[in-house]
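The values are calculated or read from the model by the stated rules, or taken from the named source; none is laboratory data. Not measured: the values here are computed from a predicted model. We place every Cβ from the backbone using ideal geometry, glycine too, and count neighbours over all the protein chains shown. For the accessible areas, the whole protein counts, side chains as well, though only heavy atoms, and no ligand, DNA or RNA atoms are used. Shrake-Rupley method; radii C 1.70, N 1.55, O 1.52, S 1.80 Å.
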Amino acid sequence: MSVTLVMLSNFFFSFGLNFLSQCLIKRNKFFKCFRALCCKGPPPARPEYDLVCIGLTGSGKTSLLSKLCSESPDNVVSTTGFSIKAVPFQNAILNIKELGGADNIRKYWSRYYQGSQGVIFVLDSASSEDDLETARNELHSALQHPQLCTLPFLILANHQDKPAARSVQEVKKYFELEPLARGKRWILQPCSLDDMEALKDSFSQLINLLEEKDHEAVRM
């Protein structure tokens, strides 16, 4: 009789431990799921970068930025002074200061460079030879300016959807980017309003350059 009681006691003790163990496992799984669904907390803040966007009138700066902000480009008016747009991306927010590109405004561009962390230069790849020469001179001046020369550059060869558009290789050669920008952080990309995925990819590459520069500054 005593042996039987001991065996039953051991059986129920083992059964109880196993049952309790399974309950604890299920309880832990439940709380993990609960925390995953309800207790994530606020997402980490996206870094913000202040950029300056320059280019001649008619290069398409305003239309590109408006499209990136999901605004209709149909009623876009060329910027005469400057405007600021906050352009959100998945991993960063770009505060872009666009400067007007008219002849009487370009001489004041440098007054707005201070505080910039990166540069966007938009050129009309289908423009006349005279305008392309002017754009080249302005880009060369920006690349060598003391407040911009160490910053990442995104150079957009816009209006690639036009028949007269020059290819990226033609633009690179004409603008003499290889010798002039050697050792600098720069990206040259084709773009048009018809290909927003390519445009967003270009800005993602720029964000990568901005993050790299941030990391280098931290290491220093």
If contacts are Cα pairs under 8 angstrom and at least 6 residues apart, what is the relative contact order of segment 42-175 in percent?
28
Ratio of alpha-carbon Rg to the 2.2 N^0.38 Å globular estimate for segment 40-153, to two decimals, please.
1.13
Total formal charge among the other residues, if their Cβ is under 11 angstrom from that of residue 175, Lys/Arg +1 and Asp/Glu -1
-1
Does segment 64-220 come out rounded, prolate or oblate by the C-alpha gyration tensor, with a ≥ b ≥ c the root eigenvalues, rounded set by a/c under 1.5 and, if not, prolate when a/b is larger than b/c and oblate if not?
rounded
3J(HN,Hα) from dihedral phi, segment 148-161, Karplus parametrisation 6.51/-1.76/1.60, rounded to Hz, x for glycine, proline:
10, 4, 9, 8, x, 10, 10, 9, 10, 8, 7, 6, 5, 7
Sorted by average packing, counted as other Cβ atoms within 10 angstrom per residue and highest first, what order do 179-186, 116-123 take?
116-123, 179-186
Residue-normalised accessible area of segment 144-188, given per residue in Å² at a 1.4 Å probe
54
For segment 135-187, restrict the atom set to alpha-carbon positions and state the Rg and Dmax in Å.
11.7, 37
